[in-house]
Amino acid sequence: MGTAASKGLTLRSHRGFEFRFDPGALCLELLTTGGPGPYRRYEVLHEPADLAAWAERSRLTPTPELEITGAEVADARALRDALFRVVIVHLRGEPYPAGELETVNLAAARPALAPAVTPSGERRWAGPPTGTNLLATVARDAVELLSGPFAHRIRTCAADNCELVYVDTSRPGRRRWCSMEHCGNRHKVKALRARNSAPDRDRA
């Protein structure tokens, strides 16, 4: 929540359609890399280069030049899965699972990415930053989101077959779709077809 504005993630639907998705928070961007249980089939974090590539796509600005170990990739998957379960029970209004919450809090307690300014006035990350610093930044963002003013605005896409999670940071708070160009557009097309195929009552 405290990071820079999103560059936007490019996701691919089951049918191969690419669309832009902004979940509204750094920690929720991590949930697009896979997850526990049925989400395991979407796993993309296998090696250090994968986690670095995710950081490049994320809302972190500028992109940190990370030194990542294989162990930190495993930590990233563990944090993501824990955060996924925490968010799911949050959406259901249920108590947070203690073990998963501890995983998030332990990650948040470690040193996060530290911003710095160059002599020319440009922003950079003090470093060299590590995968652990990256995960601490993600976990702190999760703590801020879950305990902050937008906690009640964490939602899943309204489409029946879409489970993408986002936080609605818009002023009116009426966002319903993961992406207007994907699920929002599909809903419009479906509604239009339903209207066009409905009996013409004026002819009855």
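The values are calculated or read from the model by the stated rules, or taken from the named source; none is laboratory data. Bear in mind the structure is a predicted one, so any value in this text is a computation, not a measurement. Note that we place each Cβ from the backbone using ideal geometry, even for glycine, and neighbour counts take in every protein chain shown. Quick note on the areas: whole protein, heavy atoms, side chains included, nothing else; ligands and nucleic acids left out. Shrake-Rupley method; radii C 1.70, N 1.55, O 1.52, S 1.80 Å.
For the stretch 13-99, GluC sites (Glu not before Pro) are listed when DSSP marks them as loop and at most 10 other Cβ atoms sit within 10 Å of their Cβ; the list is empty. Ordering Ala74, Val117, Leu91 by the projection of their Cα atoms onto the charge dipole of the stretch 1-155, which places +1 on the Cβ of Lys and Arg and -1 on the Cβ of Asp and Glu, puts Leu91 at the extreme positive end. Residues whose amide H falls under 5 Å from that of Ala159, counting only those 5 or more places apart or on a different chain, are Cys178, with hydrogens built in the peptide plane. If you take the alpha carbon atoms of the stretch 69-108 and fit the smallest convex hull around them, that volume is 52 Å³ per residue.
Taking label positions 7 Å along the Cα-Cβ direction at both Ala98 and Glu18, the computed distance is 4.7 nm, reported to one decimal. Over all Cα atoms in the stretch 11-162, the spread is summed up by Rg and Dmax: 15.7, 51 Å. In order along the stretch 57-69, phi translates into HN-Hα couplings of 7, 6, 7, 5, 9, x, 5, x, 8, 8, 9, 10, 9 Hz, rounded to whole numbers, per the Karplus curve 6.51 cos²θ - 1.76 cosθ + 1.60 with θ = phi - 60° and x for Gly and Pro.
For the stretch 72-86, the residues whose backbone nitrogen is under 19 Å from a point 7 Å from the Cα of Arg40, taken along Cα to Cβ, are 73-86. Need the C-alpha centroid separation for the stretch 38-66 versus the stretch 124-178, integer Å. Each part's Cα centre sits 15 Å from the other's. Could you give log10 I(q)/I(0) at q = 0.12, 0.14, 0.17, 0.23 Å⁻¹ for the stretch 75-152, computed by the Debye formula over C-alpha point scatterers of equal weight, without solvent? Calculated log10 I(q)/I(0) at the listed q: -0.40, -0.51, -0.68, -1.01. Loop-located GluC sites (Glu not before Pro) in the stretch 91-174 (DSSP state other than H, G, I, E, B) with a sparse environment of at most 15 neighbouring Cβ atoms within 10 Å: Glu122, Glu163.
For Arg123 and Glu56 in the same chain, what is the full-extension length gain: residue separation times 0.36 nm, less their Cα-Cα distance, in nm? Intermediate values should be presented prior to the final figure.
Working: separation 67, 0.36 × 67 = 24.12 nm, distance 1.55 nm.
Length difference between fully extended and current span is 22.6 nm.
Once all protein chains are placed together, Arg57 keeps about 100 Å² accessible to a 1.4 angstrom probe.
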